[in-house]
């Protein structure tokens, strides 16, 4: 059989095996990038993201971030992740989670979060991107476009006989930009999905899931005419709120089983 035919058949089999389901939503996704590789890239990018910025390692803000991060990461159940949390002194309305569990929150988003439960929702949302492997899914799609099925098979088979052009394609697809810390922007579908996962994570961790709707209400008020960095490529606020409401009945059941005794709705950060 011709080598190209074999490569195509092998790639088709690989893609079929790589179709996995996303947590909670059950959506099937194509994901051919190994977790070990993604997590390593996440760690490398995390170091770059923290260079030249002020990380608050002490104080109540950092303490709440660490507490919430530990609770959400516990229910996310990813023991292979190297969970780390950084509170960054920056006015941007932003938060992120890189592959492997490397998380950053900017102080500028705290007034929108308002309380511990609000932080739990955004933490769950960002962690949801990582556990759903949205970054590697986008890379898998990108590799398919750039390299074709035979190219993907060649890359993932561990073949070290790639020429410079092929290596350039791989590095271009896998390279995490140190400036932005993300490989490709998430799609609206990924953002909606992360909201669902985040809502379930916060409920499983004992935080009231309805606070996620209030976070988006406050975000809409804060955003004004110019969408902040955190909102880029995101769905409309009303759609996000409607989506969370659809999942609230399930989330509330989880919350009632796991609710935290302390008041997580107490205002911690004012405007």
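The values are calculated or read from the model by the stated rules, or taken from the named source; none is laboratory data. For clarity, every value in this text was computed on a predicted model and none was experimentally measured. Cβ sites come from the backbone with ideal geometry, for glycine too, and all protein chains shown count toward neighbours.
The table that follows gives values for the structure above.
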read-out: Test: residue in region 46-66 that is within 18 Å of residue 134 (Cα to Cα), more than 14 Å from the chain's Cα centre (by Cα) and free of Cβ contacts under 8 Å to residues at least 12 places away in the same chain; value: no
read-out: Options 193, 256, 217, 246: the member that is closer than 19 Å to residue 23 by Cβ, surrounded by fewer than 19 Cβ atoms within 10 Å (Cβ to Cβ) and modelled with pLDDT of 90 or more; value: 246
read-out: So residue 224, is it on the phi > 0 side of the Ramachandran plot and at pLDDT 65 or above; value: no
read-out: Selection from region 46-59 of residues that are part of a loop (DSSP other than H, G, I, E, B) and surrounded by 15 or more Cβ atoms within 10 Å (Cβ to Cβ); value: 50, 56
